[in-house]
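A.B. asks: Take this structure, written in structure tokens, and hold onto it; I'll ask about it next.
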């Protein structure tokens, strides 16, 4: 039996998130958890989930736990907030112990698996930049049945990844998309990804930096990955047993 449609009551009251049901009142077979980038809120990825309009998939856009200082607006996923003394820019990789616990324990294990009845294989995560780093750490630390898949746009594995996550390769399939110039996903970052994940696909866009996909060509590998990993019950006779 597929899981039921989650509600806000299934998650900690301390979490800020939005839930977008599948189109046309379909019963959800999959969950796509969306994590925004540094300095953003969950509102932009709520809109992304609505625009993707994925069949039989409920989208949950989670807001990062920590507000930016100085009335900058937006939130960040890091355990700390540090600025580069040379450039004045914020350091995106300041540890994600709290964020990983929120996504892995509160959202996935307690909310989606225990309360709503989903299997880990039916849960996918999509993250951008700093949110992409969190998605990768969540997948690396997850134990048991593999997750449905992880998509990271311009996010690499954090430097603070626990050593226990390196003991055994994760079977959760991973797609990482990066710009061809100026990407934080360097060759050494790719090597580390392939050391941690058994199935890791790297797609390079012909652009500078690691922005979100801006055209059909850039979005295509993401939709192809989702098409391979999302499960469907439409057209399956009642009482059928899925073979895996």
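A.B. asks: Filter segment 147-183 down to the residues that are assigned to a strand (DSSP E or B) and either touching a helix residue (DSSP H, G or I) at 6+ places or on another chain (Cβ under 9 Å) or more than 19 Å from residue 206 (Cβ to Cβ) (or both) and list them by number. Can you show your working first?
C.D. replies: Of all residues in segment 147-183, those assigned to a strand (DSSP E or B) come to 149-153, 170, 174-181.
Answer for segment 147-183, where residues must be assigned to a strand (DSSP E or B) and either touching a helix residue (DSSP H, G or I) at 6+ places or on another chain (Cβ under 9 Å) or more than 19 Å from residue 206 (Cβ to Cβ) (or both): 149, 150, 151, 152, 153, 170, 174, 175, 176, 177, 178.
For (1) modelled with pLDDT under 95; (2) outside any strand (DSSP E or B); (3) crowded, with 22+ Cβ neighbours inside 10 Å, each residue gets a yes or a no:
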| site | (1), (2), (3) |
| --- | --- |
| 15 | no, yes, no |
| 27 | yes, yes, no |
| 31 | no, no, yes |
| 34 | no, no, yes |
| 44 | no, yes, no |
| 61 | no, no, yes |
| 72 | yes, yes, no |
| 81 | yes, yes, no |
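A.B. asks: Further question: Does any residue of segment 166-178 turn out to be over 22 Å from residue 69 (Cβ atoms), touching a strand residue (DSSP E or B) at 6+ places or on another chain (Cβ under 7 Å) and surrounded by fewer than 20 Cβ atoms within 10 Å (Cβ to Cβ)?
C.D. replies: Within segment 166-178, one or more residues are over 22 Å from residue 69 (Cβ atoms), touching a strand residue (DSSP E or B) at 6+ places or on another chain (Cβ under 7 Å) and surrounded by fewer than 20 Cβ atoms within 10 Å (Cβ to Cβ).
A.B. asks: I would also like to ask the following. If we scan segment 184-201, do we find a residue that is within 23 Å of residue 98 (Cβ to Cβ) and in contact with a helix residue (DSSP H, G or I) (Cβ under 6 Å, 6 or more places away or on another chain)?
C.D. replies: Checking segment 184-201: at least one residue is within 23 Å of residue 98 (Cβ to Cβ) and in contact with a helix residue (DSSP H, G or I) (Cβ under 6 Å, 6 or more places away or on another chain).
A.B. asks: What tally of residues in segment 94-121 results from selecting those that are touching a residue at least 60 places away in the same chain (Cβ under 8 Å), in a helix (DSSP H, G or I) and in contact with a helix residue (DSSP H, G or I) (Cβ under 6 Å, 6 or more places away or on another chain)?
C.D. replies: Residues that pass the stated criteria total 3.
A.B. asks: Within segment 127-146, is even one residue part of a strand (DSSP E or B) and within 17 Å of the chain's Cα centre (by Cα)?
C.D. replies: yes
A.B. asks: Next question, about the same structure. Can you find a residue that is surrounded by 14 or more Cβ atoms within 10 Å (Cβ to Cβ), over 14 Å from the mean Cα position of the chain (by Cα) and in a helix (DSSP H, G or I) anywhere in segment 52-59? Quick ask: steps written out before the conclusion?
C.D. replies: Keep residues of segment 52-59 that are surrounded by 14 or more Cβ atoms within 10 Å (Cβ to Cβ), which gives 52, 54-59.
Now drop any that are not over 14 Å from the mean Cα position of the chain (by Cα), which leaves 52, 54-57.
Those left that are additionally in a helix (DSSP H, G or I): 52.
Yes: segment 52-59 contains one or more residues that are surrounded by 14 or more Cβ atoms within 10 Å (Cβ to Cβ), over 14 Å from the mean Cα position of the chain (by Cα) and in a helix (DSSP H, G or I).
A.B. asks: Would you confirm whether or not segment 134-147 contains a residue that is buried (at least 23 other Cβ atoms within 10 Å of the Cβ), over 15 Å from residue 198 (Cβ atoms) and in contact (Cβ under 8 Å) with a residue 60 or more places away in the chain?
C.D. replies: Going through segment 134-147, the residues buried (at least 23 other Cβ atoms within 10 Å of the Cβ) turn out to be 134-140, 142, 147.
Filter once more, keeping what is over 15 Å from residue 198 (Cβ atoms): 134-135, 137-138.
Now narrow it down to the ones that are in contact (Cβ under 8 Å) with a residue 60 or more places away in the chain: 134-135.
Looking through segment 134-147, at least one residue is buried (at least 23 other Cβ atoms within 10 Å of the Cβ), over 15 Å from residue 198 (Cβ atoms) and in contact (Cβ under 8 Å) with a residue 60 or more places away in the chain.
The values are calculated or read from the model by the stated rules, or taken from the named source; none is laboratory data. Computed from a prediction, not measured in an experiment: that's the story for all the values here. A quick note on method: Cβ atoms are made from the backbone with ideal geometry, for glycine too, and the neighbour counts reach across all protein chains shown.
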